[in-house]
Amino acid sequence: MNKIFLHVLLLCFFCTAFSQQNKQSYTFKDKEHHGLLISKEGLSAIKANLGSLPLFDNTLEQTKREIDSILSQKIEVPVPKDMAGGYTHMQHKENYVVLQKAGVLFQIYGDEKYANYIKAVFMEYARIYPTLPLHPETRSYSRGKLFWQCLNDANWLVNMSQAYDAIYDWLSPKDRKKLERQLFRPFAMFLSVENPQFFNRIHNHSTWGNAAVGMMGLAMRDSELINYALYGLPEDSIDENAVDNDGGLIKKPGQDAGFLANIEEAFSPDGYYTEGPYYQRYAMYPFLAFSAALENTLPQLEVLQYKDNVQLKAVYALLNLTDSNGDFFPLNDAQKGMSYYNSALINSVDIAYHYGHQDRQLLALAKTQNEVTLDDAGLAVAFALKEQEIEPFKKKSLSLTDGPDGKQGGLTILRSKPGSDLELVFKYSAQGNSHGHYDKLSYSVYENGYEVLPDYGLARFVNINAKNGGGYLKENTTWAKQTIAHNTLVQNEVSHYNGDFKTGSEYHSELYFQDINNDNLQIVSAKENNAYPGTAMQRTLAMLPQKNNSKPLLLDILKVQADVENQYDLPFYYKGQLIDISIKPSAENNLEPLGLSNGYQHLWKEATAKADTEFTQITWLNKDLFYTLSSKTTVGDSILFVRQGANDPEFNLRREAGILFRKAKVKNTLFVNILESHGTYNTVNERAENTESAVKNIDIVVDTEAYTAVKVDLINDSSYILIIANLKSSTQEKHKLTLNGTTYTWDGPYYFTNR
């Protein structure tokens, strides 16, 4: 009874505290308005240093030329009708970009031509906004008014709030009253109270909505809007039957909604964002822009320090989730080619430097970006680049936890020592909200910034109107999210969790052990016990060093234990041209899809082969480098050569190739593969070097419930032995195992020798 009473008491206290937060009023740092991201002190420093900071001055001059060329053009505020990529969509997007920059220029130069232009555009929006219905496109779960979805309306308001704050003191009280009554407050209420399914949940959409309403609240000095943004909507504003786009009830008061809840729930303590780096890049702007605006106006809230400075940690996590070219690893829904040159990352790097520890490594990235934000943070970076030494931003092997408490799996990146530039990305994370894929224990490999074993990413052409208005294609669901689209195990041609979002959201993989700072060996192992009922998977990935300073070998051990017999498929998608195959595949003269559903319907079966030995090798050439996949096979295993593109009449999918290893009617099994980068091909002198694999054989020495031991023999007569303790991962645990007459003793979850 005492426990129940205590629980009720705490719940009542929380709800009371929450209610009080929603009624909170604020004392602002300054009466003056400076554009939210620029403080009073920062503006004075900017003006005092014009002409003395090359990077800031160059960015400012480029911005001035851009905006000055637009001021003489006719103002266009069209009636909305298009999806992403269409004329009206792009025009409203251009308007908010231009006005945000014009506001900065007005603050710095004081030239009224910028303020007059901003006012004129605002007044045109104030004229049409009260008459606008919902956007005519009906595909979104939360239709906007200016754009087809509330998300883009929130983008608009985040930028327009900065422009409004920039000219707030210049505008007459009459003009401010008109704009706030006819445009800005109705806009903020539309995004929040009128669309709780968009605003009141944990998602990057809601982060944009929270930031938009909150930043306009700061500009208007409207405590109610600020409270909505920080803490979510009050109870009486939410329909009890409202649902979000994933089919679940939206967040109610006290149930983790609002900006602070999005910081708390979406980021792990390491700064990993559960939706993946592509959407982390997109969400970092509203996170950091609103937080910086709060720092400049309501510093007593200390939002940037919330959850142990996790937003600043997130910048480092995000920067480390890139290949050597700066492109983000395409985990979950992600468009390939997005990089830290994106404007959102310029903002992130500058804010992390200014409000963090003035890390000189960040200066190296800022210099590479060759642009700064025109505010306090950008000024600090420009100062530092002029006066301080730059340290290279060093990306090393690292592990990032997932989940608000860091206990929902995670991600590990193995990076080779400088000189070979191999990167392996191992994913054992939580579902990742609605942008998550069903790809537990999948991995991808990169070399020199190029894909070796790729992850497909998303099926979408962002802002290309001809492709579904720039929105997600149906193949994102039927292919890109399905398990077969990734380099991981598929059982009985069914995706993990049966492709069900709610089920997938309940579970996550578990890190079993890792040792990623060992000069002799980098290794990580994770388990997944819920993707298929009655089946347990454990995948161990290791970078094996070669004594002759060649590139490391990537060893992949996938252990499967099940209650019944199943069919297991393990695909590897690759880039390049097949060069050599140790088996003889039979080509399919009449192409047919590999299956009927769960992504199999999108794979052409181009050729098939049967393993006739226990060791198979397949070599391909890509970017003038040779790659060999060496596999431990069982005689009779099927090896399928597949290509994406079946049942795709609109050519929405890339035509990429894969190799699929299939074991039929098996209960417990072990897949062992080695990926090796070797040799070069010079197309100018047509010379090929080191085209042969260094791997001679793979042997499974033992595979029991307790231990798995693998021996790898090389052509130079050296060998590796790796033993994994499958049941006890403690580093203090002592083990003893006899293999072929030799007894091995060790402490911890693995034993490794290279001889």
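The values are calculated or read from the model by the stated rules, or taken from the named source; none is laboratory data. Since the structure is predicted, the reported quantities are computational estimates derived from the model, not experimental observations. Virtual Cβ from ideal backbone geometry, glycine too; neighbours counted across all protein chains shown.
Listed conditions (1) over 28 Å from the mean Cα position of the chain (by Cα); (2) closer than 21 Å to THR483 by Cα; (3) polar (S, T, N, Q) are all met by ASN598, apart from (1).
Yes/no matrix, rows are residues, columns are (1) within 19 Å of ASP402 (Cβ to Cβ); (2) in contact (Cβ under 8 Å) with a residue 24 or more places away in the chain; (3) hydroxyl-bearing (Ser, Thr, Tyr):
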{"position": "GLY470", "(1), (2), (3)": "no, yes, no"}
{"position": "GLN491", "(1), (2), (3)": "no, yes, no"}
{"position": "TYR497", "(1), (2), (3)": "yes, yes, yes"}
{"position": "ASN518", "(1), (2), (3)": "no, no, no"}
{"position": "SER525", "(1), (2), (3)": "yes, yes, yes"}
{"position": "PRO533", "(1), (2), (3)": "no, no, no"}
{"position": "MET543", "(1), (2), (3)": "no, yes, no"}
{"position": "ASN548", "(1), (2), (3)": "no, yes, no"}
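Only one of the numbered conditions (1) part of a loop (DSSP other than H, G, I, E, B); (2) at pLDDT 95 or above; (3) farther than 25 Å from LYS174 by Cβ; (4) of a type outside the set (A, V, I, L, M, F, W, C) is not met by HIS33, and that is (3).
When region 597-615 is examined, which residues are found to be in contact (Cβ under 8 Å) with a residue 60 or more places away in the chain and either surrounded by fewer than 16 Cβ atoms within 10 Å (Cβ to Cβ) or in contact with a helix residue (DSSP H, G or I) (Cβ under 8 Å, 6 or more places away or on another chain) (or both)? So that I can check it myself, show each step before the final result.
Going through region 597-615, the residues in contact (Cβ under 8 Å) with a residue 60 or more places away in the chain turn out to be 597-603, 615.
Residues satisfying the conditions are SER597, ASN598, GLY599, TYR600, GLN601, HIS602, LEU603.
Here the helices (runs of 4 or more DSSP H) wholly within region 310-425 that include at least 3 residues being polar (S, T, N, Q) and without any contact (Cβ under 8 Å) to a residue 60 or more places away in the chain are 360-369.
May I ask you to say which residue of TYR125, TYR129, TYR117, TYR141 is touching a helix residue (DSSP H, G or I) at 6+ places or on another chain (Cβ under 7 Å), assigned to a loop (DSSP other than H, G, I, E, B) and in contact (Cβ under 8 Å) with a residue 24 or more places away in the chain?
Working: TYR125 fails: assigned to a loop (DSSP other than H, G, I, E, B); TYR129 fails: assigned to a loop (DSSP other than H, G, I, E, B); TYR117 fails: assigned to a loop (DSSP other than H, G, I, E, B).
TYR141 is the lone residue from the list that is touching a helix residue (DSSP H, G or I) at 6+ places or on another chain (Cβ under 7 Å), assigned to a loop (DSSP other than H, G, I, E, B) and in contact (Cβ under 8 Å) with a residue 24 or more places away in the chain.
When VAL97, VAL77, VAL104 are checked against the criterion of being over 30 Å from LEU298 (Cβ atoms) and modelled with pLDDT of 95 or more, VAL77 stands alone in meeting it.
To keep it simple, each residue is scored yes or no on (1) hydrophobic (A, V, I, L, M, F, W, C); (2) out of contact with any His (no Cβ under 7 Å at 6 or more places or on another chain); (3) in a helix (DSSP H, G or I).
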position	(1), (2), (3)
TYR279	no, no, yes
PRO286	no, yes, yes
ALA289	yes, yes, yes
LEU294	yes, yes, yes
GLN300	no, yes, yes
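Where strands (runs of 3 or more DSSP E) fall wholly inside region 526-622, the ranges with 1 or more residues that are of a type in the set (D, E, K, R) are 535-544, 553-562, 566-574, 577-581, 603-610. The criterion of being closer than 21 Å to ILE484 by Cβ, touching an Asp or Glu at 6+ places or on another chain (Cβ under 8 Å), of a type in the set (Val, Ile, Thr) and surrounded by 18 or more Cβ atoms within 10 Å (Cβ to Cβ) holds for THR633.
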